[in-house]
Amino acid sequence: MSDAEGGWDYVIVGSGAGGGTLAARLAESGMRVFVLEAGGDHLQTADPRLPDDYSVPGFHAFACENPAMRWDFTVRHYSDDTQQKRDFKADPHTGGVLYPRAATLGGCTAHNAMIFMLAHDSDWNHIRALTGDGSWSARSMRRHARKLEACHHRPLWRILRHLGLDPTGHGWDGWLQTERPPKELEAEALGDEALLNMIAVTSVEFARRLKHPLARIAQWIHSAADPNARPWRAKDFEGLCYTPVSTCSRQRIGSRERLLDVAAKHGDRLHIELNALATRVLFDAEGAACGVEYLKGSRLYKAHCNASPAPGERREVHARREVILCGGAFNTPQLLMLSGIGPAAQLRRQGIAVRVDLPGVGRNLQDRYEVAVTYRMREPWKLLEGARFERGDPVWQRWHEHRDGLYSSNGAALAFVRRSSPNLPDPDIFCMALPTQFDGYYPGFSANLRKYNDRLTWALLKAHTHNSAGTVTLQSADPRDPPRIEFHYFEEGDDTQGHDLAAVVDTIQFIRELNRPLLECGLFAEECAPGPQARTAPALAEYVRNNAWGHHASCSCPIGLRANGGVVDSSFAVHGTRRLRIVDASVFPRIPGFFVVSAVYMIAEKAAETLLQEAKRAPP
Ligand SMILES: Cc1cc2nc3c(=O)[nH]c(=O)nc-3n(C[C@H](O)[C@H](O)[C@H](O)COP(=O)(O)OP(=O)(O)OC[C@H]3O[C@@H](n4cnc5c(N)ncnc54)[C@H](O)[C@@H]3O)c2cc1C
């Protein structure tokens with residue numbers, strides 16, 4: 001449908017967790033929505049590997065490296081060259097580190113690890129306090145979580161809720177199914193004695209080392225290790241847990257499926273323009289956003305691993321109501337700046353006319369810190385027997401025929417949540433055990449899955465990081481050039497007290513203690529990383545500085561007052577503009593929870609509600 005045939009109410013840039021969710025809800029509610037997505041629909045390409053890389057939970061690392069949908073950003077953890085080059089993941093010439101993103105229908109929900117863990121109450125209450133807007137309270141935000149989730153991992157409560165009994169706080173009838181990875185990864189069905197030993201020892205050790213172990217165990221039984229349960233006491237989960245994932249019958253789902261479902265039902269109201277790279281927001285004579293200019297063509301963005309030299313065809317699409325940017329934490333600030341909205345001096349340097357001097361655009365970039373503690377097992381994992389991580393192998397057959405076995409899981413065999421310091425208001429550490437070697441993102445990282453069958457990685461994730469010194473700035477005024485992304489880790493950032501580094505070091509020590517009995521009993525042959533040479537806290541800090549990575553980039557266009565560096569207000573509207581909003585991971589003032597995608601889905605549902613209420617009051 002063209003603009004001429006009635007026009008579009010909303011033009012939305014990006015079909016990821018934010019854009020896809022928002023577009024689907026608006027179209028479902030009667031609005032006419034045009035979605036611009038720079039990538040294609042990967043499942044409709046000729047590459048035979050794609051359907052599996054996308055759908056099979058155990059293949060998510062291959063999805064990250066699948067050439068059909070990957071945008072390879074190059075980022076700097078440090079501006080200091082010497083420090084940056086100590087990271088084995090850094091390119092030896094440029095110092096740049098790979099930061100994977102997916103440019104495809106569904107955005108990063110097409111390649112992420114599918115972990116669906118809710119943010120902490122304090123994350124939402126912080127936004128409420130910052131803005132004075134009560135609709136951001138944790139209590140109010142839970143409504144949006146319930147609206148989107150279809151929980152399938154608490155079967156008893158799924159039935160009992162019909163009797164009005166439901167202490168879990170889950171959503172049951174939403175569009176996003178959540179499941180528990182097969183219990184076999186945690187139990188005897190696969191007959192992996194090593195895994196069983198590890199789980200048993202870890203569980204006992206974990207309970208023993210925590211304060212009030214009985215209380216912890218009681219909580220564990222009570223919430224059945226479900227980290228998203230919000231039982232009678234509104235307390236955030238802590239302890240051993242499983243990792244809920246967004247799968248439907250053990251097959252990935254995300255905003256792609258949501259969009260296609262709504263498009264199938266309301267095709268007249270939802271148009272998804274694939275292979276369309278938005279290049280700037282268009283404004284009318286009164287200065288209100290009225291549309292988007294874009295380039296039609298595939299692989300036009302230079303972060304694409306196989307970028308096209310073709311220039312693309314310049315097109316425009318117009319919105320009667322609003323333009324909403326959902327390009328993610330790197331692309332939304334870039335698009336704003338290309339449209340003349342951002343720090344004036346920077347725009348002028350690139351020869352871009354300043355429409356709104358908004359210094360907060362591209363600042364406040366945040367991420368988690370992640371590191372690996374890796375062991376070599378005495379014997380190869382039994383559960384990896386027959387796993388070649390390819391279509392047709394016996395493990396794949398099991399997934400294909402029974403939706404069962406190793407590939408039905410994203411690989412997290414066991415996980416726990418803890419506080420790095422008892423004084424912290426919220427738990428800040430998530431750790432998961434993976435039966436492979438995983439040490440961050442670099443070209444070819446996914447090959448480790450096939451290479452190692454005798455490794456255990458504890459992947460450690462530090463949440464609620466204190467560093468907000470990351471930046472996204474323009475490298476050029478060419479919309480096809482990716483921006484410059486600098487995180488300024490640790491001492492380079494604004495965590496002046498070193499809380500983040502101390503928390504990660506403390507957790508490595510905790511993991512070591514937890515696993516000591518497994519080394520002593522010979523289940524583990526050796527610790528590969530950080531390795532025996534890194535014994536002291538300073539040595540561990542050095543390991544962390546040189547090896548940490550992140551993959552939940554957020555907060556680069558935060559909610560907040562303009563005078564304090566805010567870019568959008570509490571209703572997602574961009575300061576100093578009209579009819580222009582942002583709904584994606586860039587709007588959080590502080591990076592929420594342990595895993596960010598659930599929070600992005602939630603704010604997209606919230607934004608849809610806001611827009612629909614406003615539309616009721618003001619016809620276009
Ligand atoms: C490897 C990896 C694993 C992850 N695993 C998890 C996990 O297990 N659990 C979790 O909670 N989070 C995870 N995340 C993070 C999470 O998936 C993302 O933070 C989330 O998807 C962000 O949502 P978004 O809407 O902001 O952006 P995205 O989902 O990235 O969507 C942005 C979309 O906008 C499109 N776009 C960008 N610019 C333009 C433009 N100019 N024109 C047109 N289209 C454009 C992109 O192509 C993309 O489709 C992971 C991230 C990565 C990278």
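Results, tabulated for the structure shown:
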item: Among beta bridges that DSSP assigns inside the chain, antiparallel share in %, nearest 5; result: 70
item: Calculated FRET value between ARG378 and ARG450, using beta carbons and R₀ = 25 Å, to 0.05; result: 0.75
item: Accessible surface of the range 486-560 [probe 1.4 Å, protein heavy atoms]: carbon and sulfur percent; result: 53
item: Kyte-Doolittle at least -1.0, axis length at least 24 Å by Cα - qualifying DSSP helices, the chain; result: 499-520, 597-617
item: Chymotrypsin sites (Phe, Trp or Tyr not before Pro) restricted to the range 50-140 and DSSP loop, no more than 15 other C-beta within 10 Å; result: PHE88
item: Listed residue (ALA413, GLY7, GLY493) projecting farthest to the positive dipole end of the chain, Cβ model; result: GLY7
item: Reachable aspartates and glutamates from LYS382, criterion Cα separation under 18 angstrom, eight or more residues apart if same chain; result: GLU184, GLU186, GLU188, ASP192, GLU193, GLU390, ASP393, ASP404, ASP454
item: Heavy-atom accessible area per residue - the range 1-131, 1.4 Å, Å²; result: 30
item: Positive minus negative residues near ALA525 (Lys, Arg vs Asp, Glu; Cβ under 11 Å); result: -1
item: Residues in the range 418-457 reached by a label modelled at SER122 [backbone nitrogen below 12 Å; 7 Å Cα→Cβ]; result: 419-429
item: Centroid-to-centroid separation of the range 236-290 and the range 498-557 [C-alpha atoms, Å]; result: 35
item: Net dipole in debye of the chain [+1 Lys, Arg Cβ; -1 Asp, Glu Cβ; about Cα centre; nearest 20]; result: 940
item: Segment GLU390-HIS93, extension gain: residue separation times 0.36 nm, minus the distance between their alpha carbons; result: 103.6 nm
item: Cut-off under 5 Å, modelled amide H: who pairs with HIS488 long-range; result: TYR78, SER79
item: Cβ-Cβ FRET estimate between SER55 and CYS305, R0 fixed at 30 Å, reported to 0.05; result: 0.90
item: Members of LYS147/LYS606; LYS265/LYS296; LYS147/LYS462 lying beyond 20 Å, as alpha-carbon distances in this model show; result: LYS265/LYS296; LYS147/LYS462
item: Among GLY576, GLN346, SER446 - extreme Cα towards positive end, dipole of the chain, charges at beta-carbon; result: GLY576
item: Label-reachable residues, the range 349-387, where backbone N falls under 15 Å from a point 7 Å from GLU193's Cα toward its Cβ; result: 378-383
item: The range 313-418, accessible area per residue, ligands and nucleic acids excluded (1.4 Å, Å²); result: 37
item: Alpha-carbon Rg with Dmax, taken over the chain, Å; result: 23.4, 74
item: Ranked by how many other beta carbons lie within 10 Å on average, peptides 559-566, 528-535 from highest; result: 559-566, 528-535
item: Estimated FRET transfer efficiency when R0 is 25 angstrom, pair ARG139-ARG578 (beta carbons, to 0.05); result: 0.20
item: Qualifying GluC sites (Glu not before Pro) in the range 273-380, DSSP loop, other Cβ atoms within 10 Å at most 16; result: GLU286
item: Where the range 511-585 is the region considered: accessible area per residue in Å², 1.4 Å probe; result: 36
item: Calculated [θ] (222 nm, deg cm²/dmol) that DSSP helices of n ≥ 4 give over the chain, each run adding -39,500 (n - 2.57); result: -8500 deg cm²/dmol
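The values are calculated or read from the model by the stated rules, or taken from the named source; none is laboratory data. If you're wondering where the values come from, they're calculated on a predicted model, not measured in any experiment. Heads up, the Cβs are rebuilt from the backbone with ideal geometry, glycines too, and the neighbour counts pull from every protein chain shown. Surface accessibility is based on the protein's heavy atoms, side chains included, excluding ligands, DNA and RNA. Shrake-Rupley method; radii C 1.70, N 1.55, O 1.52, S 1.80 Å.
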